[in-house]
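Asks: Take a look at this one; I'll ask things after.
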Amino acid sequence: MSAATPKNPIVLIPSRLASTRLPDKPLADIHGLPMIVHCLRRAHEAGFARVAVACGDQAIADAIQAHGGEAVLTDPAHPSGSDRIFEALQKLDPRAEHDAVINLQGDLPAIDPKVISAVLLPLADPAIDIATLTTPIVDQHEVDDRNVVKAVLSLAPGQTVGRALYFSRRPVPGGEGPLWHHIGIYAYRRAALERFVSLKPSPLEKRESLEQLRALENGMSIAAAVVDTLPLGVDTPADLARIRAAMQPR
């Protein structure tokens, strides 16, 4: 393990009830547990000592605490998950004991815990501020799907961690070679998160509707680890039905 690798990370899961396509999504029942509780458990299964949910609503905090989890209420008006986890970090860790923050989406109840752990790998390089994940695009329909964000990686042959040069909803880069599906899980060094939330939205961020471009436009470094599994996310009732079937107890 590199000396630069964070020694005491915390996993924070931003969550709020407002969802146009699937109302009250975090509380959706999956085999007797709210979806957000499943996400919390996957993070614990990844081996992280401290995991908490940054809640935009009291009902989410109640659900987490009812199942023995740690929750903190945050301003419901936060414009992004990164703003929400930063407030939660300040409340949960005022002494700055956690040196990195993993921002885990609250709609990935079936995620492989090994995938969550992998997001720390790029932070072994002390030059990297923010780490994230990618996986190869294998379904052709994803190439032109604007909902599938592509990461442009500088990735040496045989390597599984590369510097992220850009993110786009378009199929980039051009030419022959793999395209990388960005998985929106991040690990921030503590100072990097503090700097990121202090920055104003940037021109390319607004153009692409991709928050991570704000970091790149302001000279922050992002690297991505390549994983072989694309987590199933839940955005619609159809997604929820698919997840319920995939997680059916055997």
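Asks: Those residues that are in a loop (DSSP other than H, G, I, E, B), hydrophobic (A, V, I, L, M, F, W, C) and within 19 Å of Pro231 (Cβ to Cβ), I need them from region 143-159; list them, please.
Replies: Once the filter is applied, which keeps residues that are in a loop (DSSP other than H, G, I, E, B), hydrophobic (A, V, I, L, M, F, W, C) and within 19 Å of Pro231 (Cβ to Cβ), region 143-159 yields Val148, Val149.
Asks: Looking for whichever is more than 26 Å from Leu120 (Cβ to Cβ), touching a strand residue (DSSP E or B) at 6+ places or on another chain (Cβ under 6 Å) and of a type outside the set (Lys, Arg) here; the options are Val226, Val172. Which one fits?
Replies: On the way: Val226 fails: more than 26 Å from Leu120 (Cβ to Cβ).
After applying the criteria, what remains is Val172.
Asks: Moving to a separate point now. If we keep just the residues of region 50-65 that are in contact with a strand residue (DSSP E or B) (Cβ under 9 Å, 6 or more places away or on another chain) and surrounded by fewer than 16 Cβ atoms within 10 Å (Cβ to Cβ), which is farthest from Ser19 (Cα to Cα)?
Replies: Applying the first criterion (in contact with a strand residue (DSSP E or B) (Cβ under 9 Å, 6 or more places away or on another chain)) to region 50-65 yields 50-58, 60-65.
Still in the list and also surrounded by fewer than 16 Cβ atoms within 10 Å (Cβ to Cβ): 58, 62, 65.
Working: Gln58: 16, Asp62: 19, Gln65: 22 Å.
Of everything passing the filter in region 50-65, Gln65 is farthest from Ser19 (Cα to Cα).
Asks: Any residue at all in region 48-65 that is in contact (Cβ under 8 Å) with a residue 60 or more places away in the chain and in a helix (DSSP H, G or I)?
Replies: No, that holds for no residue.
Asks: Separate question: What pairs come out if I take residues in region 1-14 that are more than 30 Å from Gly56 (Cα to Cα) and among the charged types (D, E, K, R) and pair them with residues that are assigned to a strand (DSSP E or B) and at pLDDT 95 or above whose C-beta lies under 9 Å away, six or more apart or interchain?
Replies: none
Asks: Right, something else. Whether any residue in region 203-219 is small (Gly, Ala, Ser) and under 25 Å from Lys114 (Cα atoms) is what I want to check. Explain how you work it out, then say what you get.
Replies: If we filter region 203-219 for residues that are small (Gly, Ala, Ser), which is where we start, we get 209, 215, 219.
So of that shortlist, the ones also under 25 Å from Lys114 (Cα atoms) come out as none.
Looking for residues that are small (Gly, Ala, Ser) and under 25 Å from Lys114 (Cα atoms), one finds none in region 203-219, hence no.
Asks: Do we find a residue being touching a residue at least 12 places away in the same chain (Cβ under 8 Å), in contact with a His (Cβ under 6 Å, 6 or more places away or on another chain) and not β-branched (Val, Ile, Thr) anywhere in region 179-193?
Replies: Looking for residues that are touching a residue at least 12 places away in the same chain (Cβ under 8 Å), in contact with a His (Cβ under 6 Å, 6 or more places away or on another chain) and not β-branched (Val, Ile, Thr), one finds none in region 179-193, hence no.
Asks: Is one or more of the residues making up region 227-248 in a loop (DSSP other than H, G, I, E, B) and more than 29 Å from Ala18 (Cα to Cα)?
Replies: First, pick out the residues of region 227-248 that are in a loop (DSSP other than H, G, I, E, B): 227-236, 247-248.
Filter once more, keeping what is more than 29 Å from Ala18 (Cα to Cα): 227-228.
Yes, the conditions are met somewhere in region 227-248.
Asks: Can you tell me which residue is nearest to the chain's Cα centre (by Cα) among those in region 66-87 that are part of a loop (DSSP other than H, G, I, E, B) and closer than 17 Å to Arg195 by Cα? Break it down into steps so the answer makes sense when it comes.
Replies: Applying the first criterion (part of a loop (DSSP other than H, G, I, E, B)) to region 66-87 yields 67-69, 74-80.
If we keep only those that are closer than 17 Å to Arg195 by Cα too, we end up with 78-80.
Working: His78: 16, Pro79: 16, Ser80: 12 Å.
Within region 66-87, the match that is nearest to the chain's Cα centre (by Cα) is Ser80.
Asks: Same structure, new question: What are the residues in region 237-248 that are within 20 Å of Pro113 (Cα to Cα) and free of Cβ contacts under 8 Å to residues at least 60 places away in the same chain, if any?
Replies: Arg242, Ala245
Asks: Against the condition in contact with a Gly (Cβ under 6 Å, 6 or more places away or on another chain), in a strand (DSSP E or B) and buried (at least 20 other Cβ atoms within 10 Å of the Cβ), how does Pro14 come out, does it pass?
Replies: So Pro14 passes the test.
Asks: Being buried (at least 19 other Cβ atoms within 10 Å of the Cβ) and either part of a loop (DSSP other than H, G, I, E, B) or on the phi > 0 side of the Ramachandran plot (or both) narrows it down to one of Ile128, Ile185, so name that one. Talk me through it step by step, then tell me what you get.
Replies: Details: Ile185 fails: either part of a loop (DSSP other than H, G, I, E, B) or on the phi > 0 side of the Ramachandran plot (or both).
Only one candidate qualifies: Ile128.
Asks: Among the residues of region 91-119, how many are in a loop (DSSP other than H, G, I, E, B) and either within 19 Å of Ala54 (Cβ to Cβ) or over 17 Å from the mean Cα position of the chain (by Cα) (or both)?
Replies: Selection size over region 91-119: 15.
This table checks each residue for (1) surrounded by fewer than 16 Cβ atoms within 10 Å (Cβ to Cβ); (2) in contact (Cβ under 8 Å) with a residue 40 or more places away in the chain.
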residue: Pro171; (1), (2): yes, no
residue: Lys200; (1), (2): yes, no
residue: Leu210; (1), (2): no, yes
residue: Thr229; (1), (2): yes, yes
residue: Asp235; (1), (2): yes, yes
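Asks: So is Leu232 more than 18 Å from the chain's Cα centre (by Cα) and under 26 Å from Val138 (Cβ atoms) or not? Break it down stepwise before answering.
Replies: Working: more than 18 Å from the chain's Cα centre (by Cα): no; under 26 Å from Val138 (Cβ atoms): yes.
So Leu232 fails the test.
Asks: Look through region 138-151, keep the residues that are surrounded by fewer than 18 Cβ atoms within 10 Å (Cβ to Cβ) and under 23 Å from Pro203 (Cβ atoms), and return whichever of them is farthest from the chain's Cα centre (by Cα).
Replies: Only one residue tops the list, namely Arg146.
The values are calculated or read from the model by the stated rules, or taken from the named source; none is laboratory data. No experiment lies behind these values; they were computed from the predicted model shown. Neighbour counts run over all protein chains shown; Cβ positions are idealised from the backbone, glycine included.
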